[in-house]
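To keep things clear, I will list the structure first and then write my remarks on it.
The values are calculated or read from the model by the stated rules, or taken from the named source; none is laboratory data. Just so you know, these numbers come straight off a predicted model, no measurement behind them. When we count neighbours, we look across all protein chains shown, and the Cβ atoms used for this are built from the backbone with ideal geometry, even at glycine.
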Amino acid sequence: MKANKSFIAPVRLIFVFLIIIFSSNTLLSSGHIDLIEINGPITPITSKYITDAIRRAEKHGAECLIIQMDTPGGLMQSTWTIDKAILADRVPVVVYIAPSGGRAGSAGVYISYSANVVAMAPGTRIGSAHPVSMMGKDSSKVMTEKITNDAVAHIRGMADIRGRDSKWAEEAVRRSVSITEKEALRKGVIDLIAKDLNDLVSKLDGRELNLSGRKVVLYTKNSEIRRHPMSWQYKILDKISDPNIAYILLLGGLAGLFFELKNPGAIFPGAIGAISLILAFFAMQVLPINAAGILLILLAILLFILEIHITSFGLLTIGGIVSMIFGSLMLFKSPSAGVSLSVIIPAVLFTAAFFIFAVGLGIRAQFRKSVTGDKGIIGEIGEVIKSLDPEGRISVHGEVWKAVSDEKIKEGEKVEVTGIKGLKLKVKRAKKAE
């Protein structure tokens, strides 16, 4: 019995020792943190990028997902989608407004309020969340008030869930107020200020969060940070969604298709035009389009085409340029999604030149007399080399042709070609020059 006890005691000691070592390793290695970066407007592409990142972080068991954000705002529907994904509390989400000089404007405020933890870098700001437009729909006073009230209710609801300042949130929506990181911390809009990413990870360690009623403690001190930049697919779609790129694709697509219609068989302009228009239509589903802007651009192209057919002494061209400039400025209804003047001016001038000169030359070529083939020889003057009675032979441009005439024409006389049938020309005596 004593022998058994003497044997069990060391085994217990070893077992306890192994448990301590295992526990120590577990505490020292807290898993990993996923990190993504948002720099620019919030679009459906951004929305998908963030929601995919949340699913990935949950699937791979990340301690948390950090969204480093610097945005002027974006589309309301995309923002709502992101908020719902974060509020689902599948994984702790930390919004870090950085780098210094960055901001969380408009849509960025709503995303920040939906997060479990919000941090700001020194020299950043947050605010100006008043909804400006909703995908180009009715912007009357009543509709604007409805949209604003809905936005206020949305952000107040998130403030209650996350325990943030709801009064300031309402002011940010109704009055577009904006504050610095120190004011935001004092008002309870954010949770902490972090000078950089390492400082943020250090300050997150040990923080207790409430995820859908369950307590979660973050162990981030020794966690590996896994960066997940946008893939090339996301980047391409994101670039296409840029208002300037979408605008150029629209004009290029219209020009390419019009050129193909006027010159059937060119193929390349039509193919490029079709691809450009499809990509432009994709961007227009993403961006808040104003129908009046589209109509003004189409009117401008019509005026450029009419200039080719009608002598207006440049008035139609001027009207087309003015119409296209206003249409370009009105094309997108959101301040965060507008075409730059540095893009509009060259694009308008190039489009006007294309339709007036390039397309104009093609149209005029349709009315020019053919100089080749069957039509090219009709009306030409030749010389009889074998009398026509009624058939004979003539020489036209150094070529010898069989010919037939309704009248007898002697050798050496001049004849005019009036028609062609197979390899035989129909001719008549040419008029003598007066």
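Between 280, 274, which is in contact (Cβ under 8 Å) with a residue 12 or more places away in the chain and surrounded by fewer than 15 Cβ atoms within 10 Å (Cβ to Cβ)?
274
Find the residue count for the range 387-398, including only residues that are closer than 13 Å to residue 377 by Cα, assigned to a strand (DSSP E or B) and either in contact (Cβ under 8 Å) with a residue 40 or more places away in the chain or not aliphatic (A, V, I, L, M) (or both).
1
Kindly establish whether residue 110 is surrounded by 20 or more Cβ atoms within 10 Å (Cβ to Cβ), aromatic (Phe, Trp, Tyr) and either touching a Lys or Arg at 6+ places or on another chain (Cβ under 6 Å) or in a helix (DSSP H, G or I) (or both).
When the stated conditions are applied, residue 110 passes them.
Residue 174 - would you say it is modelled with pLDDT under 95 and assigned by TED's automatic domain parsing to the domain that holds residue 98?
Yes, satisfied.
Sort out which residues of the range 64-87 are part of a loop (DSSP other than H, G, I, E, B) and modelled with pLDDT of 95 or more, and write them in order of number.
64 - this is the single residue of the range 64-87 that is part of a loop (DSSP other than H, G, I, E, B) and modelled with pLDDT of 95 or more.
Please note which helices (runs of 4 or more DSSP H) are completely contained in the range 186-290 and include at least 2 residues that are over 19 Å from residue 119 (Cβ atoms).
Qualifying helices (runs of 4 or more DSSP H): 232-240, 243-262, 268-286.
Out of 71, 46, I need the residue that is within 17 Å of residue 118 (Cα to Cα) and either of a type in the set (Phe, Trp, Tyr) or crowded, with 18+ Cβ neighbours inside 10 Å (or both). Which one?
It is 71.
Looking at (1) of a type outside the set (Ser, Thr, Tyr); (2) within 24 Å of residue 39 (Cβ to Cβ); (3) out of contact with any helix residue (DSSP H, G or I) (no Cβ under 7 Å at 6 or more places or on another chain), which is the one condition that is false for residue 282?
That leaves (3) as the condition not met.
When the residues of the range 148-185 are narrowed to those that are of a type outside the set (Val, Ile, Thr) and not in a helix (DSSP H, G or I), which ends up surrounded by the fewest Cβ atoms within 10 Å (Cβ to Cβ)?
163
Results for (1) within 27 Å of the chain's Cα centre (by Cα); (2) within 19 Å of residue 167 (Cα to Cα); (3) modelled with pLDDT under 95, shown as yes or no for each residue.
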| residue | (1), (2), (3) |
| --- | --- |
| 96 | yes, no, no |
| 103 | yes, no, no |
| 113 | yes, yes, no |
| 117 | no, yes, no |
| 121 | no, no, no |
| 126 | yes, yes, no |
| 131 | yes, yes, yes |
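Specify the residue that is farthest from residue 66 (Cα to Cα); the eligible residues are those in the range 149-200 that are over 32 Å from the mean Cα position of the chain (by Cα) and basic (Lys, Arg).
Among residues in the range 149-200 that are over 32 Å from the mean Cα position of the chain (by Cα) and basic (Lys, Arg), the one farthest from residue 66 (Cα to Cα) is 167.
This table checks each residue for (1) closer than 30 Å to residue 325 by Cβ; (2) outside any strand (DSSP E or B); (3) at pLDDT 85 or above; (4) in the same structural domain as residue 270 (by TED's automatic domain parsing).
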| residue | (1), (2), (3), (4) |
| --- | --- |
| 348 | yes, yes, yes, yes |
| 352 | yes, yes, no, yes |
| 360 | yes, yes, no, yes |
| 385 | no, no, yes, no |
| 400 | no, no, yes, no |
| 407 | no, yes, yes, no |
| 411 | no, yes, yes, no |
| 416 | no, no, yes, no |
| 425 | no, no, yes, no |
